[in-house]
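Remarks on the structure that follows.
The values are calculated or read from the model by the stated rules, or taken from the named source; none is laboratory data. The shown structure was predicted, so the numbers you read here are calculated from the model rather than taken from an experiment. Glycine gets a Cβ as well: all are built from the backbone with ideal geometry, and neighbour counts include every protein chain shown. Accessible surface is based on the protein model in full, side chains and every heavy atom, while ligands, DNA and RNA are left aside. Shrake-Rupley method; radii C 1.70, N 1.55, O 1.52, S 1.80 Å.
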Amino acid sequence: WGAMHGLITLSQMVEPLQPTEEGKREYVIRAAPWSIEDYPVLPHRGLMIDTARHFLPTSTIRRQIDALSMNKMNVLHWHVSDAESMPYESTAFPDLAAKGAFIKEATYSKQEVKDIIDYAAERGVRVIIEFDMPGHNYAWSLAYPSLFVNCSDMYP
């Protein structure tokens with residue numbers, strides 16, 4: 001991803017000038033020539049989004065991935081499920097999203113998740129998907145009570 005990050009660095013040095021009277025846009029790189037030594041200090045440079053508590057449309061997730069890439073960040077930690085909701089449409093357990101999502105429209109299909117992962121990979125961003133289990137599984141229990149461990153009456 002070094003070449004891509006190098007181009008990002010170059011694009012960050014380009015400064016737009018005021019449009020000419022004809023409306024033409026011009027750009028300048030000030031104080032050229034440059035000597036740049038640029039490398040990541042940390043191998044994991046990322047951000048977490050929590051769609052279990054705050055559903056985000058896939059277009060918003062893509063915009064976030066674009067922002068990560070333009071800032072040379074390489075990890076999107078996607079917190080998909082928690083006690084509040086289970087928005088992933090599992091083919092093995094279809095009722096998880098049907099009963100565990102906030103609303104029917106606030107879910108992600110298997111194809112949408114794959115498309116997000118592919119979109120991110122094209123931009124040098126790795127997606128780490130997190131499914132909380134077993135402690136934060138209330139949304140799962142709405143569809144599959146046998147998966148739910150209720151410890152609420154265990155302690156006074």
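Expressed in nm to one decimal, what extension gain is obtained for the pair Tyr39 and Ala121 from 0.36 nm per residue of sequence separation less their Cα-Cα distance?
Difference between extended and current length: 27.6 nm.
Quick one: work out the % antiparallel among DSSP beta bridges in the chain, nearest 5.
Antiparallel: roughly 15 percent of the beta bridges in the chain.
Hey, what's the chain come to in accessible area per residue, 1.4 Å probe, Å²?
Using a 1.4 Å probe on heavy atoms only, each residue of the chain averages 66 Å².
Given that just one value was derived from the coordinates, which of (1) 1.08; (2) 0.95; (3) 1.17 is Rg/Rh (Cα atoms, Kirkwood Rh)?
(3)
FRET efficiency for Ile8 and Leu47, Cβ-Cβ distance as r, R0 = 22 Å, nearest 0.05?
Using R0 = 22 Å, I get an efficiency of 0.85.
Could you check which residue among Tyr27, Tyr119, Tyr144 shows the biggest mean-square fluctuation in a GNM of the chain with a 10 Å Cα cutoff?
Of Tyr27, Tyr119, Tyr144, the Gaussian network model singles out Tyr27 as fluctuating most.
Can you tell me the length gained on complete extension of the stretch Phe102 to Glu84, counting 0.36 nm per residue apart and subtracting the Cα distance?
Length gained, Phe102 through Glu84: 5.7 nm.
On a 0 to 90° scale, report how tilted helix 2-13 is relative to the longest principal axis of the chain, with both axes built from alpha carbons and the result rounded to the nearest 10.
Helix 2-13 and the main axis of the chain meet at about 60 degrees.
Taking the chain as a Gaussian network, Cα atoms linked when under 10 Å apart, which of Arg62, Arg30, Arg53 shows the biggest mean-square fluctuation?
Arg30
If the elastic network links every pair of Cα atoms under 10 Å, which of Asp38, Asp95, Asp50 fluctuates the most in the Gaussian network model of the chain?
Of Asp38, Asp95, Asp50, the most mobile in the Gaussian network model is Asp38.
Take the solvent-accessible surface of the protein heavy atoms, probe 1.4 Å, and return the percent of it on the chain that carbon and sulfur atoms account for.
59 percent
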